[in-house]
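Here, each number is a calculation from the coordinates, and none is a lab measurement. Predicted, not measured: the structure shown is a model, and the values here were computed from it. When we count neighbours, we look across all protein chains shown, and the Cβ atoms used for this are built from the backbone with ideal geometry, even at glycine.
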Amino acid sequence: MELSLATRTVGEHTVVVVGGEVDVYTAPQLRERLLETIEGGARHVVVDLGRVEFLDSTGLGVLVGALKRLRTAGGSFALVCDKEPLLKIFRITALDQVFPLYSTVDAATGA
């Protein structure tokens with residue numbers, strides 16, 4: 001399966017909408033989009049994983065890298081995820097304690 005990426009703005013937040021599978025083959029595309037977004041000046045980034053069917057450790061590494069980069073720049077990074085299989089991955093890896101997780105984009109952006 002392929003990876004789809006779209007970016008939109010909600011208030012002060014840049015929302016990166018991800019769809020498909022985030023794995024060792026597609027994670028570099030997500031990494032590149034997040035780097036472009038952050039280097040383009042975005043300081044409040046929300047990644048919407050609502051259309052993601054699969055996420056592996058490479059994808060988790062990309063998300064952690066973006067979180068670190070934004071924190072260093074004084075920004076914020078949040079994830080939108082309401083699918084139990086993905087939430088289970090975040091719980092098992094204890095990344096649910098690292099990432100702010102929201103069930104909707106509106107909740108993540110405070111809209």
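Brief remarks on what is shown
- Amide H partners (placed H, <5 Å) of TYR102, local residues excluded: LEU79, VAL80, CYS81
- Sorted ascending by nearby beta carbons within 10 Å, beginning with the fewest, THR7, THR26 become THR7, THR26.
- Percent RCO, i.e. relative contact order, over the chain, from Cα pairs under 8 Å lying at least 6 residues apart: 26
- The DSSP beta bridges internal to the chain are antiparallel in roughly 35% of cases.
- In Hz, Karplus ³J(HN,Hα) per residue of the range 32-40 (6.51, -1.76, 1.60; θ = phi - 60°; x = Gly, Pro): 4, 5, 5, 4, 4, 5, 5, 5, x
- Here is the list for the range 1-74: GluC sites (Glu not before Pro) lying in DSSP coil, each with at most 16 other C-beta atoms within 10 angstrom of its C-beta, are GLU2, GLU12.
- Here the gap between SER4 and THR72, fully extended at 0.36 nm per residue and compared with their Cα-Cα distance, gives a gain of 21.7 nm.
- One entry in (i) 0.95; (ii) 1.36; (iii) 1.47 is Cα Rg over 2.2 N^0.38 Å calculated from the shown coordinates; its label is (i).
- Taking every DSSP helix (H) stretch of at least 4 residues in the chain, weighting each as -39,500 (n - 2.57) and dividing the sum by the residue count yields a mean residue ellipticity at 222 nm of -11500 deg cm²/dmol.
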